[in-house]
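Structure, as structure tokens:
The values are calculated or read from the model by the stated rules, or taken from the named source; none is laboratory data. Predicted, not measured: the structure shown is a model, and the values here were computed from it. Positions of Cβ are generated from backbone atoms using ideal geometry, with glycine treated the same way; all protein chains shown enter the neighbour counts.
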Ligand SMILES: Cc1cc2nc3c(=O)[nH]c(=O)nc-3n(C[C@H](O)[C@H](O)[C@H](O)COP(=O)(O)O)c2cc1C
């Protein structure tokens, strides 16, 4: 990686350490999960995407998505939008409000409601994506990154990534699928490796990194680092493993399931915090089939505590 391009205090320096980055995942990469990911060794964490327009309108639901937990120190906030001035202004506003270590442009979201409004649509217009990145660079004082897919329906990744680099992006993450593939099939890691070997800035690989072996194989392609998304849901210990630590025991998983629930309740309140965590708790308690069924209906922290402590006492 070209060291000269890294600002001395940049969060990107963390790429020199072993480990992985927490991927942005709408509905998952919230403050409680980011806190656990960092505790277990994530190099940094990217927030769920925030609509640039929502930020500028001051929408509390939008702004909540980027709010750091107290003491959060390696946060990149992701924005989506399709207007360079709007995204630039939103980036400045988010920087003022939350002082993240970096800001990122979303170029991968395939959700239909975003059609024509940014996200993966920007893969069809690399020149507009570059203009937006350049506006974000001009409006802020932190490194700007972009997270893209290989292309809309064919692999144009190199052309797109070069445009982003030319616009001043400090890092590009490539999810090794086209928009048309959504989440189907295997991510094409070789295509991401090819981008990494042609860019001067660091390139992260995203897509199907679910184990230490996956992370090693991906890094062997010459990328500067890997992002982990779905593989870390209910399993933040994967960051520790990728950084060289040990896998979690079933009992440790139970303990941290409860901690995650406590963090969620603190952040969102009890009912909302637990209902939206049910899908995640299933991952933590996968070794205990009875618990899997019970967490699908969990509504109170006390109920969860009793069930988990009961299981731990037996274990
Ligand atoms: C539920 C879900 C929400 C996602 N939300 C975002 C998002 O807000 N921004 C983004 O750039 N990518 C988003 N992604 C894509 C992931 O960051 C990642 O690139 C993709 O899931 C492939 O990596 P994985 O196999 O490690 O999950 C999302 C993926 C999932 C499954």
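Key figures
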read-out	value
Test: residue in region 103-118 that is assigned to a helix (DSSP H, G or I) and in contact with a strand residue (DSSP E or B) (Cβ under 8 Å, 6 or more places away or on another chain)	yes
Check on residue 178, within 16 Å of the ligand (Cβ to nearest atom) and closer than 17 Å to residue 21 by Cβ	no
Options 137, 133, 142; residue that is in contact with a strand residue (DSSP E or B) (Cβ under 7 Å, 6 or more places away or on another chain), more than 16 Å from the ligand (Cβ to nearest atom) and over 23 Å from residue 31 (Cα atoms)	137
Subset tally (residues that are within 20 Å of residue 231 (Cβ to Cβ), touching a helix residue (DSSP H, G or I) at 6+ places or on another chain (Cβ under 7 Å) and outside any loop (DSSP other than H, G, I, E, B)) for region 157-190	2
Residue in region 143-152 that is assigned to a loop (DSSP other than H, G, I, E, B), more than 18 Å from residue 204 (Cα to Cα) and in the same structural domain as residue 118 (by TED's automatic domain parsing) present	yes
Any helices (runs of 4 or more DSSP H) falling wholly within region 199-315 and containing at least 2 residues that are modelled with pLDDT of 95 or more, within 15 Å of the ligand (Cβ to nearest atom) and within 23 Å of the chain's Cα centre (by Cα)	212-219, 237-242, 278-284
2 or more residues surrounded by 19 or more Cβ atoms within 10 Å (Cβ to Cβ), modelled with pLDDT of 95 or more and away from the ligand (no atom under 15 Å from the Cβ): qualifying helices (runs of 4 or more DSSP H) within region 1-95	31-39
